[in-house]
Amino acid sequence: SRGLGDVYKRQKGVRAMILSEQLSKKIVNIMSDNNIIDSHLDAAYIYCIDFALDLVLFNLSIIIIGALTHNFILSVIYVTVLVPTKMLAGGAHAGSTYACCSISYSVYLLCMLLCRLIPGIPVLNILVCLVTGIGICALSPVPHKNKKQSYQAKHKIKKYCCFCIGIIYILLSVVLSFRLYRYGNLIMICLTIVFVNQIIGLFINNGGRK
């Protein structure tokens, strides 16, 4: 699952990962056998398809859990806000698949709890979202020692991130205008998590940009 930890490491301890890897291998084998792709690129295609399938399975599992626990809309907002923002913003990565899975689901459960416990204060939602949103845009994409990017690539990702934050601000305005304060709390918590994860990532990845 690629919630807060989207580093890719194959380990056989998590069934969802095994399922996505098996499916990706079968898909690539079919493509290779039919000469759709070059056989020497099999590993790269397996990696990419596995990543995409794993992301889909994680998001789908979150929404299913939300539906079963009567948190469907909250879960949809969680996936819509946190997942794309985290992918664009960058930050700290889990060190293993098991840690990635554990952190992702733990963060989801924590968000579902906190959005109920925090009082509905629109001014607080707006102020925190403004600060964290601007911070996320300023820091994105957080550099990583294993992922070198050109200036043009970084600039493009930053633009996408700013656009994403803009959409989230619109969503926040809508939910607050209808006095759906629990949803406002969830958006605020998600942006805070992404921003904090960026800061942690900067410290881990040699203290910032190069």
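Give the residue that is nearest to L176 (Cα to Cα), with candidates limited to residues of the range 106-123 that are open to solvent by less than 60 Å² (accessible area, probe 1.4 Å) and not small (G, A, S). The selected residue is P122.
When you scan the range 183-193, do you find a residue that is in a helix (DSSP H, G or I), without any contact (Cβ under 8 Å) to a residue 60 or more places away in the chain and at negative phi, even just one? No, that holds for no residue. Annotation note: Cβ proximity below 7 Å between a residue of the range 140-151 that is under 17 Å from F195 (Cβ atoms) and open to solvent by less than 50 Å² (accessible area, probe 1.4 Å) and a residue that is part of a loop (DSSP other than H, G, I, E, B) and among the hydrophobic types (A, V, I, L, M, F, W, C) (sequence gap 6+ or interchain) occurs for no pair. Here L60, L55 are screened, and the one residue that is open to solvent by 70 Å² or more (accessible area, probe 1.4 Å), out of contact with any helix residue (DSSP H, G or I) (no Cβ under 7 Å at 6 or more places or on another chain) and in a helix (DSSP H, G or I) is L60. Under the condition of being more than 25 Å from S24 (Cα to Cα) and either of a type in the set (D, E) or touching a Cys at 6+ places or on another chain (Cβ under 8 Å) (or both), the residues counted in the range 39-76 number 1.
With respect to the conditions (1) open to solvent by 50 Å² or more (accessible area, probe 1.4 Å); (2) under 16 Å from V79 (Cβ atoms); (3) among the small types (G, A, S), S173 falls short on a single one, namely (2). The condition (being assigned to a loop (DSSP other than H, G, I, E, B), open to solvent by less than 50 Å² (accessible area, probe 1.4 Å) and of a type outside the set (S, T, Y)) is satisfied by just one residue among G91, G133, G95, G166: G91.
Whenever a residue of the range 34-56 is over 18 Å from C101 (Cα atoms), its partners that are of a type in the set (D, E, K, R) and open to solvent by less than 80 Å² (accessible area, probe 1.4 Å), lying with C-beta atoms within less than 8 angstrom and at least six residues away or across chains, give the pairs I46/E21.
The values are calculated or read from the model by the stated rules, or taken from the named source; none is laboratory data. Note that the coordinates shown come from a computational prediction; the quantities given were computed from them, not determined experimentally. Positions of Cβ are generated from backbone atoms using ideal geometry, with glycine treated the same way; all protein chains shown enter the neighbour counts. These accessible areas exclude ligands, DNA and RNA; they are computed on the full protein's heavy atoms, side chains included. Shrake-Rupley method; radii C 1.70, N 1.55, O 1.52, S 1.80 Å.
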